[in-house]
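Shown next, in structure tokens, is the structure this report addresses.
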Amino acid sequence: MRSITLGSALLLLSMPLLAEPMAMPPSAQLCGTCHGPTGQGVEPLGPRLAGLSTEYITQQIKLFQTGQRQNVSMTPMSMVLQGDAIKPVADYFASQEVPEVTVHLRGEAAVYSDPTQELVYQGDWDRMIPACVTCHGPSGVGGGQFPRLAGQQASYIKTQLLAWQAGTRKGDVDAMMGSIANKLTADEIDALAKYFAEIK
Amino acid sequence: MNHVKSLRSALIALVGLCVPSLVIAAELPDKQAELQVKPKSEDTVYLNPREMSAIPQGAFGDKVRQGYQLFVNTQQLRGKYVGNELNCSNCHMDAGRKPNASPLWAAYMAYPAYRKKNDKVNSFQDRIQGCFTYSMNGQAPANGSEELVALSAYSYWLAMSGLMDQYQVAGEVPELSDAELLKGGKREDFALPAAVKAAMNIDELAKLPGRGFPPIDKPELAYSPERGATVYQAHCQACHGDDGQGLAIAGVYSLPPLWGPQSFNWGAGMHRVNTAANFIYENMPFGKSIQLTNQQAWDVAAYINSKDRPQDPRFKGDVEALQKQYHNHQGYYGQSVNGGAVLGSQSYPVNPDKK
């Protein structure tokens with residue numbers, strides 16, 4: 001993932017991750033009941049998994065298992081998958097298609113009239129909040145350990161930002177995401193959740 | 001897109017005109033000499049440039065906005081003036097606005113400056129050219145080029161709007177001609193509002209608090225790449241990768257490569273262990289969620305800068321000679337680390353996309 005070249009990264013964006021959709025492993029069927037059989041998400045039961053990387057999905061399952069992420073459904077559900085059983089499930093959902101988005105690059109605009117877009121593309125450094133897209137990628141399409149925000153359910157993004165604030169979601173290196181989430185206001189959380197959800 | 005195309009053709013024409021004046025690698029001066037920076041203190045008040053929305057409409061404002069756009073997406077110059085995957089904003093946080101992250105506003109007011117090393121007065125334009133040659137591992141845009149004007153205009157606007165607000169000077173930032181913009185603000189004939197002139201002299205303006213990266217104390221133990229590797233794994237690799245090559249999403253490395261062919265070259269200021277330690281201590285981890293210790297910052301700076309990267313553009317075939325001439329500082333050029341090849345002897349190419 002890290003040695004990806006510019007060309008292949010662009011290629012990845014413009015087509016599904018794998019040419020042939022993977023067959024659903026039996027162990028992924030249980031996940032599909034809440035996340036949808038192709039991981040497109042079923043609001044409010046489960047967020048979209050399609051568009052997330054294997055690395056990220058694997059890591060989140062482990063965080064649920066160790067209690068660093070807490071959720072009444074996922075805490076027990078994550079226990080079903082142990083050891084080598086995690087990867088095929090993560091691969092399956094990571095291989096699912098997501099709608100193409102035309103990404104907005106930093107610098108395409110110099111001035112944002114919408115404060116939410118300003119936060120997303122420029123951050124608010126008076127509060128030491130970097131632009132969301134620095135880690136989550138242009139338009140929040142995500143990559144590697146950084147989850148895709150583009151097209152994710154607004155209710156889920158909101159719940160997660162609140163969970164970071166409440167300390168029921170952890171596991172980020174040096175509390176980088178937690179410390180950013182802690183600086184966001186309730187209104188900003190609502191607006192950011194809506195903004196990213198609408199990137200489709 | 002049309003804008004980019006017309007910009008490109010305008011540039012090609014410009015470069016064509018200016019070829020005789022392009023600096024040749026063999027004569028490159030050291031344009032990244034260290035600035036003397038005061039240590040940080042708690043009660044410092046920093047300049048606070050105006051919001052982007054305050055940039056005026058019109059031709060001058062367009063140059064300022066273009067400067068910002070080049071600064072945060074320097075990759076639009078890839079293959080022309082940029083030879084790696086970096087963007088200016090990777091090191092100059094908050095698009096060059098953040099104090100103690102080498103803010104543009106402070107740099108603008110520090111030039112023109114006399115440099116012992118090349119025995120000449122360097123303008124602000126010369127300094128930005130140095131960034132392209134070294135930090136961006138590319139080919140500096142020619143004197144007076146649209147890009148240098150735009151980057152100078154953006155820097156000037158940040159500096160002047162901050163100064164005007166600090167001293168309650170109302171109104172728009174005064175427009176300057178391209179030739180004036182390229183010079184920088186440290187000169188007797190630089191137009192300053194009376195209130196600013198009354199408050200600060202030229203030398204104070206050249207040393208605005210927050211300039212450069214604040215120097216940290218020497219480490220208790222001599223810095224060590226071996227200890228730095230441990231720091232790197234714990235605090236840096238999550239974003240920059242276990243191989244230091246950063247992370248590209250949609251083709252953009254906003255989490256930049258720290259060494260290797262796509263990072264800054266052996267002539268860039270950041271290859272110095274002290275410069276990198278100062279930068280890291282003040283600005284990393286990104287968003288400043290934790291504070292590394294002084295020792296950790298030195299060690300991890302040593303680790304990052306003990307890896308190979310693109311060659312020093314002043315290299316003429318003799319690593320030892322170059323090391324003696326330009327690398328009498330805290331860095332690993334010309335040295336072997338842990339029995340590896342002498343750094344510089346097998347470095348990656350300078351400006352690999354050169355056409």
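The values are calculated or read from the model by the stated rules, or taken from the named source; none is laboratory data. Being a predicted model, the structure only gives us computed values, none of them experimental. Ideal geometry is used to build each Cβ from the backbone, glycine not excepted, and the neighbour counts take in all protein chains shown. Side chains included, ligands, DNA and RNA excluded: accessible areas come from the protein's heavy atoms. Shrake-Rupley method; radii C 1.70, N 1.55, O 1.52, S 1.80 Å.
Over the C-alpha trace of chain B, radius of gyration and Dmax come out as 19.9, 61 angstrom.
Each label point was placed 7 Å from the Cα along the Cα-to-Cβ direction; for B:Q291 and A:Q29 their separation is 5.6 nm. Largest accessible area first, the listed residues B:D242, B:D43 line up as B:D43, B:D242 when surface is computed with a 1.4 Å probe on the assembled protein chains. Basic side chains Lys and Arg get +1 at the Cβ, acidic Asp and Glu get -1 at the Cβ, and with that the dipole of the protein assembly as shown about its Cα centre reaches some 600 debye. Once the chain from B:E51 to B:E220 is taken as fully extended at 0.36 nm per residue, the excess over their C-alpha distance is 56.7 nm. Helix screen, chain B: DSSP H segments with Cα axial length of 27 Å or more and mean Kyte-Doolittle hydropathy at least -0.5 are B:146-166. In this simple spin-label model, placing a label point 7 Å from the Cα along the Cα-to-Cβ direction at both A:K62 and A:M22 gives a separation of 1.7 nm. Computed over chain B, relative contact order equals 21 percent, with contacts defined as Cα pairs under 8 Å that lie 6+ residues apart. Across the stretch B:241-283, the fraction of Cα-Cα pairs farther apart than 12 Å, rounded to a whole number, is 65%. Annotation: for a label point projected 7 angstrom from Cα along Cα→Cβ of B:D243, residues of the stretch B:75-95 with backbone N closer than 16 Å are B:85. Summarised in one figure, the compactness ratio Rg/Rh of the stretch A:48-200, Cα atoms and Kirkwood Rh, is 0.97. Each Lys and Arg adds +1 at its Cβ and each Asp and Glu adds -1 at its Cβ; summed about the Cα centre, chain B shows a dipole of about 440 debye.
A probe of 1.4 angstrom, applied to the heavy atoms of all protein chains, finds B:F132 with accessible area near 0 square angstrom. Taking all Cα pairs closer than 8 Å and separated by 6 or more residues, the relative contact order of the stretch B:32-206 comes to 28 percent.
Averaged over the residues of A:103-116, the number of partner chain Cβ atoms lying within 10 Å of the residue Cβ comes to 5.
With each label modelled as a point 7 angstrom along the Cα→C-beta vector, the A:Y112-B:E320 pair spans 5.5 nm. Across chain A, the mean sequence separation of Cα contacts (distance under 8 Å, 6 or more residues apart), normalised by length, yields a relative contact order of 22 percent. Rolling a 1.4 Å probe over the protein chains gives A:V141 an accessible area of about 10 Å².
So, by mean Cβ neighbours within 10 angstrom, what's the order for A:178-190, B:69-81, A:36-48 with the highest one leading?
With the highest mean Cβ count within 10 Å placed first, the list reads B:69-81, A:36-48, A:178-190.
Excluding the site residues themselves, the longest part of chain B lacking any GluC sites (Glu not before Pro) in a DSSP loop with at most 16 other Cβ atoms within 10 Å is B:221-355.
Across peptide B:88-95, the average count of Cβ atoms from other chains found within 10 Å of a residue's Cβ is 3. Report the far tail of the P(r) of the stretch B:199-355, meaning the percent of Cα-Cα pairs longer than 20 Å. Here the tail beyond 20 Å accounts for 53 percent of pairs.
Could you list, in their original order, any pairs among B:K63/B:K120; B:K40/B:K186; A:K200/B:K80; A:K183/B:K40; A:K62/A:K158; B:K40/B:K183 whose Cα atoms are separated by more than 31 Å? Too far apart for the 31 Å limit: A:K200/B:K80. Counting only protein chain heavy atoms and rolling a 1.4 Å probe, the accessible areas of A:R106, B:R309, B:R65 rank, largest first, as A:R106, B:R65, B:R309. Net charge dipole, the stretch A:115-197: roughly 280 debye, given to the nearest 20, about the Cα centre with Cβ charges of +1 for Lys and Arg and -1 for Asp and Glu. Only helices enter the 222 nm calculation for the protein assembly as shown: every DSSP H run of n ≥ 4 contributes -39,500 (n - 2.57), and dividing by all residues gives -11000 deg cm²/dmol, rounded to 500. Ranked by solvent-accessible area (1.4 Å probe, protein heavy atoms only, all chains present), the residues B:C239, B:C91 order from largest to smallest as B:C91, B:C239. Name the residue from B:A170, A:L81, B:G339 whose Cα lies farthest towards the positive end of the charge dipole of the protein assembly as shown, charges +1 on Cβ of Lys and Arg and -1 on Cβ of Asp and Glu. Checked the options; the winner is B:G339.
Between the stretch A:160-200 and the stretch B:56-103, the C-alpha centres lie 28 angstrom from each other. Of the whole protein surface, B:V121 contributes about 90 Å² of accessible area at a 1.4 Å probe radius.
Mean projected area of the convex hull spanned by the Cα atoms of the protein assembly as shown, taken over all viewing directions: 26.5 nm².
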